[in-house]
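Colleague: Handing you this structure, nothing more for now.
The values are calculated or read from the model by the stated rules, or taken from the named source; none is laboratory data. Owing to the predicted nature of the structure, the values given are computational and were not obtained by experimental measurement. For neighbour counting, all protein chains shown are included, and Cβ atoms are generated from backbone atoms with ideal geometry for every residue, glycine included.
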Amino acid sequence: MSGSPTAEGNTVHTVLGPVPADELGVVSVHEALLSVVPGAQYAFDVTIDRAEIFEILAAELTEFRNNGGRTIVDSTGMYHGRDVKLYEALSRSTGVHIVASTGMGPENLLGGYFLTPQTNPPTPWPAEKFADLFAKEVAEGMVVPRVERRGAAGIVVTAADRSGMTATEESLFRGAARAALSSGVAVSARYGSDAVHDLGILLDEELPADRIVIGGLDRKDAVAAGAPTEVARRGAFVALDNVGIEDGAHITDDERAALVLELVEAGFGDRILLSSNAIGVAKGHPAEDQTRVDLPLSHILTTFVPLLTGKGLGYEDATRILTDNPRRLLTVR
């Protein structure tokens, strides 16, 4: 599919075109295949060898598939290394479905163009401009800079700063919600300092709760505040999407497993999503991100799912979390 209009129905937008939702299989809902910090592509000490990147990512995706994975959602959004042609080649080569994303955030990673005041006195980009930008990447194809539009984005991603949502980020969230409403795809949002507040911004745009993922809910501050349960209670998807990351900011995999079981016991098994936020290839990232680069895309399947089942998660609930929930989220409506 190249620059063609989107197809709707019981399908999901992948980089190779619409795929029946039932063919997604096991899905990892928030990963980064190629992540380039904006501007790094111009740095004298950063090399971007597409052949080498292809080989690294092909090996990662093949391992993911060999361990039962079938679909990867690349959640880098716009201008952070997204390479649609590369992802098309990787999907054809490995047989793994790749769902690419549109969207941006947080504010500190936006280019200057998107921070240019639009009014006098200055105000951030209005939500409607972001909505139009993101919706066109679904309806008309994702932008390959200065060349063409290609494929259809399968999800809108955005994020707020951990110190709290800024005015620009509120515009981003509202624009993401409006784009989702008009295009039929879902929104995946990484919360800033208050997950329930940030969910409320998306709900305020009348986007149905079951079209929203709130990511980062395995951060210690989210768990301490009871955010995973409250987000699920409001009907949105709870993404525990740092599986395998055990640092000062996140709970451990043992604690994640306990949280999954707690949510299932509370009746929220149909609201849980899992991912690792791993980075296949990173360019221009700080040294502390190396942990995410070293984390295999298959970690959830090889390590975390056995941990979950060992603690008592049943087959039906595991299938729901890994297959059924992502399928409902990604199906275009």
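Colleague: Which one is farthest from residue 86 (Cα to Cα) among residues in the range 38-65 that are in contact with a strand residue (DSSP E or B) (Cβ under 7 Å, 6 or more places away or on another chain) and not in a helix (DSSP H, G or I)?
Modeller: 46
Colleague: Only one of these conditions is not met by residue 82: (1) basic (Lys, Arg); (2) more than 16 Å from the chain's Cα centre (by Cα); (3) modelled with pLDDT under 95. Which number is it?
Modeller: Evaluating residue 82 over (1) basic (Lys, Arg); (2) more than 16 Å from the chain's Cα centre (by Cα); (3) modelled with pLDDT under 95 leaves (2) as the failure.
Colleague: In this structure, is residue 246 touching a Lys or Arg at 6+ places or on another chain (Cβ under 6 Å) and surrounded by fewer than 24 Cβ atoms within 10 Å (Cβ to Cβ)? I'd like the intermediate steps shown before the answer.
Modeller: On the way: touching a Lys or Arg at 6+ places or on another chain (Cβ under 6 Å): no; surrounded by fewer than 24 Cβ atoms within 10 Å (Cβ to Cβ): yes.
Answer is no for this residue.
Colleague: Within the set of pairs 6+ apart or on separate chains, which have a first residue in the range 8-31 that is under 16 Å from residue 141 (Cβ atoms), a second that is at pLDDT below 95 and exposed (fewer than 14 other Cβ atoms within 10 Å of the Cβ), and C-beta atoms under 7 Å apart?
Modeller: 18/7
Colleague: Which one of the conditions (1) under 30 Å from residue 43 (Cβ atoms); (2) surrounded by fewer than 22 Cβ atoms within 10 Å (Cβ to Cβ); (3) touching a helix residue (DSSP H, G or I) at 6+ places or on another chain (Cβ under 6 Å) does residue 289 fail to meet, given that it meets all the rest?
Modeller: The single condition residue 289 does not satisfy is (3).
Colleague: Out of all the residues in the range 294-316, which are buried (at least 19 other Cβ atoms within 10 Å of the Cβ) and among the acidic types (Asp, Glu)?
Modeller: none
Colleague: Can you name the residue in the range 317-333 that is touching a Leu at 6+ places or on another chain (Cβ under 8 Å) and of a type outside the set (Gly, Ala, Ser) and, of all such residues, is surrounded by the fewest Cβ atoms within 10 Å (Cβ to Cβ)? Steps first, answer last, please.
Modeller: Quick first cut of the range 317-333, residues touching a Leu at 6+ places or on another chain (Cβ under 8 Å) only: 318, 321-323, 325-327, 329-330.
Filter again for of a type outside the set (Gly, Ala, Ser), leaving 321-323, 325-327, 329-330.
Working: 321: 26, 322: 25, 323: 17, 325: 23, 326: 27, 327: 20, 329: 24, 330: 24.
Per the criteria, the residue is 323.
Colleague: Give the residues of the range 32-62 that are touching a helix residue (DSSP H, G or I) at 6+ places or on another chain (Cβ under 9 Å), more than 23 Å from residue 13 (Cα to Cα) and touching a residue at least 40 places away in the same chain (Cβ under 8 Å), sorted by residue number.
Modeller: Residues satisfying the conditions are 37, 38, 46, 48, 53.
Colleague: Only one residue in 148, 170, 205, 140 is within 18 Å of residue 329 (Cβ to Cβ) and of a type in the set (D, E, K, R). Which one? Give the steps one after another, and end with the answer.
Modeller: Details: 148 fails: within 18 Å of residue 329 (Cβ to Cβ); 170 fails: within 18 Å of residue 329 (Cβ to Cβ); 140 fails: within 18 Å of residue 329 (Cβ to Cβ).
Exactly one residue qualifies, and that residue is 205.
Colleague: Of the residues that make up the range 159-174, is at least one in a strand (DSSP E or B), touching a helix residue (DSSP H, G or I) at 6+ places or on another chain (Cβ under 6 Å), surrounded by 19 or more Cβ atoms within 10 Å (Cβ to Cβ) and in contact (Cβ under 8 Å) with a residue 24 or more places away in the chain?
Modeller: Step one: filter the range 159-174 for residues in a strand (DSSP E or B), giving 159.
Now drop any that are not touching a helix residue (DSSP H, G or I) at 6+ places or on another chain (Cβ under 6 Å), which leaves none.
Among the residues of the range 159-174, not one is in a strand (DSSP E or B), touching a helix residue (DSSP H, G or I) at 6+ places or on another chain (Cβ under 6 Å), surrounded by 19 or more Cβ atoms within 10 Å (Cβ to Cβ) and in contact (Cβ under 8 Å) with a residue 24 or more places away in the chain, which makes the answer no.
Listed here are the residues, each with its yes/no results for (1) touching a His at 6+ places or on another chain (Cβ under 8 Å); (2) among the aromatic types (Phe, Trp, Tyr).
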residue	(1), (2)
236	no, no
242	yes, no
256	no, no
259	no, no
270	no, no
283	no, no
304	no, yes
309	no, no
315	no, yes
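Colleague: Quick test for you: out of 131, 160, 139, pick the one residue that is of a type in the set (Gly, Ala, Ser) and in contact with a strand residue (DSSP E or B) (Cβ under 8 Å, 6 or more places away or on another chain). Step through it out loud before you land on a result.
Modeller: Details: 131 fails: in contact with a strand residue (DSSP E or B) (Cβ under 8 Å, 6 or more places away or on another chain); 139 fails: in contact with a strand residue (DSSP E or B) (Cβ under 8 Å, 6 or more places away or on another chain).
The match here is 160.
Colleague: Given the criterion buried (at least 21 other Cβ atoms within 10 Å of the Cβ) and either touching a residue at least 60 places away in the same chain (Cβ under 8 Å) or not hydrophobic (A, V, I, L, M, F, W, C) (or both), identify the matching residue among 186, 232. Lay out the reasoning, then the answer.
Modeller: On the way: 232 fails: either touching a residue at least 60 places away in the same chain (Cβ under 8 Å) or not hydrophobic (A, V, I, L, M, F, W, C) (or both).
Only one candidate qualifies: 186.
Residue-by-condition table, conditions (1) within 17 Å of the chain's Cα centre (by Cα); (2) of a type in the set (S, T, N, Q); (3) surrounded by fewer than 17 Cβ atoms within 10 Å (Cβ to Cβ):
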position	(1), (2), (3)
33	yes, no, no
46	no, no, yes
94	no, yes, no
98	yes, no, no
111	no, no, yes
